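Reviewing the structure listed below.
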Amino acid sequence: MTAQLIDGKVLSQRIRAEVAARAEALAGRGRRPGLAVILVGDDPASAVYVRNKVKACAESGLHSVMEKYDATLSEAVLLERIAALNADATIHGILVQMPVPRQIDPHRVIEAIDPRKDVDGFSVRSAGELFSGLPGLRPATPWGCMKMIESTGVPIRGRHAVVIGRSNTVGKPMALLLLQAHATVTVCHSATPDLKRHVQSADIVVAAVGRRHTVTAGMVKPGATVIDVGTNHDEAGRLCGDVDFETVREALGPRGWISPVPGGVGPMTITMLLANTVQAAETVA
Ligand code: NAP
């Protein structure tokens, strides 16, 4: 018997139905939630992410605008656009698709977004709210991972969680969210000796590295929950995660849980972005 599947598509549909109902309720009061997505440059992957976000807005009854700029756009012009969107009452969330071209400082861009509209949750203020346990807009990917873990019904409190990766956008906020849910958290990274030793003792594993085969069958504890954030490609060009899905699923056994790639964290990330946009619209004074 293999581990049970955490289906990000099914969970997403459930959460998106709730998001759509909240969006409709706001629209009924004359405040349809609105998301502005800014894309600078021609990165094909970024263009796909942006299109998917705009499409998801339409499907859930959110208003959205997409602004696309040439790769030569200056930082000053981008900051002007952000200022205009900050002042636009029909827009409740602003997202600048990363990465931005070299002439633009991503930190300055993120900090220019009105914190109430920071639906990516990447600003220093949003990070501080998460750090301090205050309400706020949480980064969509780790927040989606939390929803996936919660959906299993397996308690988080008192469990040992191992987060592999310490980026500001995934690993670190993930660790804070798990800590807030009363897990005992270990954060591993590229300088961690003997990753296997840590993962073997984990009840919950979140892999956010961007490297295939990071988590293999011999590393996991039977009955553990494994969330795979990684997006990589195999030799045949197929999308895959950081976890050796089939063999790890087998090793986890029937009490274990595992999320696939594709169909796991990916759909949840967009869903939680929509949830953040609705939350931002709900909290407008
Ligand atoms: P990132 O900024 O490159 O961070 C990767 C992290 O992995 C770093 O902290 C790095 O450690 C650590 N790492 C690298 N090699 C390692 C090793 N051998 N053992 C242990 N840790 C190691 O990437 P990210 O933005 O966090 O994203 C991680 C992955 O998730 C990527 O594949 C990305 O595409 C994917 N992702 C998916 C979604 C989604 O919606 N599905 C969203 C976001 C990200 P150091 O800090 O020491 O360098």
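The values are calculated or read from the model by the stated rules, or taken from the named source; none is laboratory data. Note that this is a predicted model, so its numbers are computed, not measured. Neighbour counts are summed over all protein chains in view; Cβ atoms, including those assigned to glycine, are modelled from backbone coordinates with ideal geometry. The area values use the complete protein model at the heavy-atom level, side chains included, leaving out ligands, DNA and RNA. Shrake-Rupley method; radii C 1.70, N 1.55, O 1.52, S 1.80 Å.
A few points about this structure:
- Of residues in segment 269-285 being part of a helix (DSSP H, G or I) and β-branched (Val, Ile, Thr), the one nearest to the ligand (Cβ to nearest atom): Thr269
- Hey, Ile113 open to solvent by less than 20 Å² (accessible area, probe 1.4 Å), within 22 Å of the chain's Cα centre (by Cα) and over 18 Å from Pro139 (Cα atoms) or not: no
- Residue identified as crowded, with 24+ Cβ neighbours inside 10 Å, closer than 26 Å to Asp120 by Cα and either in contact (Cβ under 8 Å) with a residue 60 or more places away in the chain or near the ligand (Cβ under 10 Å from one of its atoms) (or both) among Thr225, Thr152: Thr225
- Lys147 meets all of the listed conditions (1) within 11 Å of the ligand (Cβ to nearest atom); (2) open to solvent by 60 Å² or more (accessible area, probe 1.4 Å) but one, namely (1).
- Gly144 meets all of the listed conditions (1) in contact (Cβ under 8 Å) with a residue 12 or more places away in the chain; (2) in contact with a Gly (Cβ under 6 Å, 6 or more places away or on another chain) but one, namely (2).
- Considering residues of segment 231-268 that are closer than 30 Å to Val65 by Cα and surrounded by fewer than 23 Cβ atoms within 10 Å (Cβ to Cβ) only, the residue nearest to the ligand (Cβ to nearest atom): Thr231
- Number of positions in segment 160-211 that are over 21 Å from Gly144 (Cβ atoms) and away from the ligand (no atom under 13 Å from the Cβ): 4
- In segment 35-54, the residues that are over 11 Å from Val100 (Cα atoms) and either touching a strand residue (DSSP E or B) at 6+ places or on another chain (Cβ under 9 Å) or β-branched (Val, Ile, Thr) (or both): Leu35, Ala36, Val37, Ala47, Val48, Tyr49, Val50, Arg51, Lys53, Val54
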